[in-house]
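Derivation of every value follows stated rules applied to the coordinates shown; laboratory data play no part. Since this is a predicted model, take the numbers as computed values, not measurements. Using ideal geometry, Cβ is built from the backbone for each residue, glycine included, and neighbour counts are taken over all protein chains shown.
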Amino acid sequence: MLGGVPPYGCREVLILQSALASCDPADLRDTRRACVAAGMRVSVVSLSAEMYAASKLAQETGGWYSVALSEPHLDELIMAHAPPPPALAAAATPSLVQMGFPQRAPVAAPTYFCAGEAGEFVCPRCKGRVKELPGECLVCRLTLVSSPHLARSYHHLFPVAPFCEVPPEALQATPAGALRRCFGCAAALRGGEEGVVLSCGACVNRFCFACDAFIHETLHNCPGCLCGEG
């Protein structure tokens with residue numbers, strides 16, 4: 001099923017198991033060799049004791065094998081697989097992927113169709129229409145994405161640096177103006193017991209605690225740095 005994943009992709013399988021034995025239609029050693037040859041990474045999270053066959057499979061494919069000790073530990077082990085893992089050496093060869101950034105143009109007349117339905121996104125290469133993003137142009141087969149999709153795909157490689165907390169005395173000494181308001185939501189910044197104030201080290205703009213959490217956990221971009229203000 002993962003044979004069609006391109007070389008720059010990640011062929012990864014996560015197995016959750018609770019059994020102490022397995023019933024397999026073929027020799028597991030052949031299965032391990034096939035996984036290694038295909039460049040797959042197999043990780044296993046076990047709910048019971050360690051099983052040698054699964055542990056050996058994870059070891060030879062560069063995956064992780066772990067045994068959950070409790071329900072919170074199980075959640076921790078599963079969430080550890082959420083961030084994209086480092087690429088395997090075989091898949092680390094740099095390669096270029098052609099992508100297009102289509103513009104959204106609502107259909108004004110029933111003359112454009114995509115798989116029988118009108119599409120609102122226009123391919124920049126052939127001007128064909130697609131219904132949703134990310135996707136592939138049905139005419140020229142160009143991969144089509146939007147800039148937010150691209151940013152979310154590599155934000156784990158270039159995370160936003162943690163913001164520094166602004167001391168209450170430094171905030172009080174700041175003249176009334178832009179630095180006394182959150183750059184994200186424009187709420188008044190008071191500091192101290194009324195809320196934590198944080199500052200971006202690059203653009204020096206200040207944010208409230210809620211905006212800081214939104215930037216680092218969801219947006220993955222500093223609005224002040226994107227606007228070039230600071």
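Brief remarks on what is shown
- Shape call, the range 12-90: gyration tensor on alpha carbons, a/c limit 1.5: oblate
- Dividing the radius of gyration of the alpha carbons in the range 164-227 by their Kirkwood radius gives 0.93 for Rg/Rh.
- DSSP assigns beta bridges within the range 12-90; of those with both partners inside it, close to 0 percent run antiparallel.
- Taken one residue at a time, the phi angles of the range 138-143 give Karplus couplings (6.51, -1.76, 1.60, θ = phi - 60°) of 6, 9, 10, 6, 7, 6 Hz. Gly and Pro are set to x.
- Highest to lowest packing among 45-55, 71-81, scored as the average C-beta count within 10 Å: 45-55, 71-81
- Karplus (6.51, -1.76, 1.60) ³J(HN,Hα), θ = phi - 60°, over the range 46-61, in Hz, Gly and Pro reported as x: 9, 9, 10, 6, 5, 10, 4, 4, 6, 5, 5, 4, 5, 5, 6, 9
- Taking 216, 155 and counting other C-beta atoms within 10 Å, the order from fewest to most: 155, 216
- Extension gain, residue 173 to residue 37, is 42.6 nm, computed as 0.36 nm per intervening residue step minus the present C-alpha separation.
- Modelled this way, with points 7 Å down the Cα-to-C-beta line, the labels at residue 140 and residue 164 are 4.7 nm from one another.
- The modelled label-to-label distance for the pair residue 71/residue 132, using points 7 Å beyond Cα in the direction of Cβ, is 3.4 nm.
- Proximity of backbone amide H atoms, modeled 1.01 Å from N, is registered between residue 189 and 181, 182 at under 5 Å, excluding neighbours fewer than 5 places apart on the same chain.
- Put simply, the amide H of residue 65, placed in the peptide plane, has neighbours under 5 Å in 44, leaving out anything fewer than 5 places away on its chain.
- Distances between placed amide hydrogens fall under 5 Å for residue 13 paired with 41, 42, 43, all partners being 5 or more residues away or on another chain.
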